[in-house]
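Trainee: Below is the structure I would like to discuss, written out as structure tokens.
The values are calculated or read from the model by the stated rules, or taken from the named source; none is laboratory data. Just so we're clear, the structure is a prediction, and the values are computed from it rather than from any experiment. Positions of Cβ are generated from backbone atoms using ideal geometry, with glycine treated the same way; all protein chains shown enter the neighbour counts. To get the accessible areas, we keep the full protein, side chains included, count just its heavy atoms, and leave off ligands, DNA and RNA. Shrake-Rupley method; radii C 1.70, N 1.55, O 1.52, S 1.80 Å.
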Amino acid sequence: MAEDRLHVVFGTGQVGIALAAHLAGLGLAVRAVSRHRPSALAGVDWRAADAADPEAAADAAKGASVIYQCLNAPYTQWPERFPPLQRGVLAAAERHGALLVSLENLYGYGPTGGRPMTEDLPLAATGIKGRARAAMTAELLAAAEAGRVRIAIGRASDFFGPGVTAGSTLGERVFGNALAGRRADFIGNPSLPHTYSYVPDIAAGLATLGTDARAVGEVWHLPGPATGSTRALLDLVASEVGHPAGIRSLPKLAVRALGLVNPTIRELAETSYQFDQPFVLDTSKYQATFGPAGTPLADAVAATLAWYRTRTSTP
Ligand SMILES: NC(=O)c1ccc[n+]([C@@H]2O[C@H](COP(=O)([O-])OP(=O)(O)OC[C@H]3O[C@@H](n4cnc5c(N)ncnc54)[C@H](OP(=O)(O)O)[C@@H]3O)[C@@H](O)[C@H]2O)c1
């Protein structure tokens, strides 16, 4: 593979794989990097590297003109283990003079009292993971401000889509359950507006940030399906599967009790506000700059269910 104008995607998880495939579909030279070879990565070069090792990260990114950060650390160890991953990728981007496009979630904002999130909101989170995320953003912005690197940050909300099973509110416990005739597991108020992002839209958005010079130096909220309530989304799931998709909602007390024995559930308490008040991502800045984007919700739900139906035969 020619090692110039190369797009290097760090992370071959739920978004990294989709992004690598999207970039390859645009005819770009793509390399994906993670520690373990992913099973589904057709037509894309792959290298093994530990991103927390700056030398290894820089070596894996040799020839990159754009580097995408789609890494993640274990949910219960974000403050200790996530920043070193980003630092490795940042070092690689600096070494090669590559644009660094970083995917973030919305934890850094913290609760907004239901106010829609725009890019100019302060990163005011006080929880452990929210503070860790905000500190990581600050590191990126400081590196860019010091002229060490060019960056573009893309933020997305809880995501769903083909290939998304665990690590998301809208994974196995919603789509898998619906197909199996079981109710969806959901903690919070399903009647409130909640933005859900769709993985193929996130991939397309990140690719825009990596290929359009107008993106450089800024934070962008990535468009997805129009925001409605969680219940409205579940109604679409129900109409697709042909039977009601009810909700099995755990009472808060039970969640707290489960948190005593399950560290991941305990960690979820920090972000429970996202499901107790409207949680709306304003993506108008992106759309005003790059044009309308985002898959219609019904199409996104149908494609996700189609993947869930065939996934046993998916390589
Ligand atoms: N989950 C959501 O709903 C959501 C919503 C919005 C934004 N986000 C954000 O999106 C980003 C990506 O999340 P995701 O859910 O796509 O991640 P994911 O599926 O957990 O994938 C993480 C990837 O990072 C790789 N990785 C971890 N440690 C590594 C290391 N030391 N060196 C190299 N690679 C390493 C993993 O591969 P190996 O283990 O093989 O190395 C894996 O491919 C995160 O910043 C997350 O906060 C998530």
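Trainee: Express the carbon and sulfur contribution to the solvent-accessible surface of the chain as a percent, rounded to the nearest whole number, probe 1.4 angstrom.
Mentor: On the way: 7500 of 13720 Å².
About 55 percent, which is the carbon plus sulfur part of the accessible surface.
Trainee: What accessible area per residue, rounded to a whole number of Å², is obtained for the stretch 192-315 using a probe radius of 1.4 Å? List each step's numbers first, then the result.
Mentor: Details: 5820 Å² over 124 residues.
With all protein chains present, the stretch 192-315 gives 47 Å² per residue.
Trainee: If you split all Cα-Cα distances of the chain into 10 Å bins from zero, what percentages do you get per bin, shortest first?
Mentor: 6, 27, 36, 24, 7, 0
Trainee: Can I ask one more? By how many nm would the segment from residue 172 to residue 232 grow when fully extended, if each residue of separation counts as 0.36 nm and the alpha-carbon distance is taken off?
Mentor: Details: separation 60, 0.36 × 60 = 21.60 nm, distance 1.81 nm.
Residue separation times 0.36 nm, minus the Cα-Cα distance, leaves 19.8 nm.
Trainee: Nearest 20 debye, what's the magnitude of the dipole of the stretch 1-77 about its Cα centre given +1 on Lys and Arg Cβ and -1 on Asp and Glu Cβ?
Mentor: Using Cβ point charges on Lys, Arg, Asp and Glu, the stretch 1-77 gives about 220 debye.
Trainee: Please get the size of the charge dipole for the chain, origin at its Cα centre, with Cβ charges of +1 on Lys and Arg and -1 on Asp and Glu, quoted in debye to the nearest 20.
Mentor: Numbers: 28 positive and 27 negative charges, 131 e Å.
Magnitude of the dipole: close to 620 debye.
Trainee: Then there's this: Please give the calculated 222 nm ellipticity per residue for the chain, where each DSSP H segment of at least 4 residues contributes -39500 (n - 2.57) and the sum is spread over every residue; nearest 500 deg cm²/dmol?
Mentor: Values: 10 runs with 118 residues, N = 315.
Helices in the chain give a 222 nm mean residue ellipticity of -11500 deg cm²/dmol.
Trainee: Amide H neighbours of residue 117 under 5 Å, at least 5 residues apart or on other chains, H built in the peptide plane: list them.
Mentor: Residues meeting the criterion, in which the H sits 1.01 Å from N, are 280, 281, 282.
Trainee: Still on this model: Check residue 46: other-chain or 5+ apart residues with amide H under 5 Å from its amide H, H built from backbone geometry?
Mentor: 32
Trainee: Using only Cα atoms, find the angle between the long axis of helix 78-96 and the longest principal axis of the chain, and express it within 0 to 90 degrees, rounded to the nearest 10.
Mentor: Its long axis makes an angle of about 30 degrees.
Trainee: Quick check: the angle from helix 128-145's long axis to the longest principal axis of the chain, C-alpha only, nearest 10 degrees?
Mentor: Value to nearest ten degrees: 30.
Trainee: Now for a separate question. Name the long-range amide H neighbours of residue 67: under 5 Å, sequence gap of 5 or more, or other chain; modelled H, no Pro or chain starts.
Mentor: Correct list: 8, 99, 100, 101.
Trainee: In whole Hz, with x marking every Gly and Pro, tabulate ³J(HN,Hα) for the stretch 29-35 from phi via Karplus 6.51 cos²θ - 1.76 cosθ + 1.60, θ = phi - 60°.
Mentor: Running phi through 6.51 cos²θ - 1.76 cosθ + 1.60 with θ = phi - 60° gives 6, 10, 10, 10, 9, 7, 7 Hz.
Trainee: Considering only DSSP beta bridges whose two residues both sit in the chain, what percent are antiparallel, to the nearest 5?
Mentor: Working: 2 of 35 bridges.
Restricted to the chain, the bridges split so that about 5 percent are antiparallel.
Trainee: Still on this structure, I have one more. If a paramagnetic tag sat 7 Å from the Cα of residue 77 along the Cα-Cβ line, which residues of the stretch 3-36 would have the backbone N under 16 Å from that point?
Mentor: 35-36
Trainee: May I ask you to derive the relative contact order of the chain, considering only C-alpha pairs under 8 Å and at least 6 residues apart, and to give it as an integer percent?
Mentor: Values: 621 pairs, mean separation 55.7, N = 315.
Value for the chain: 18 percent.
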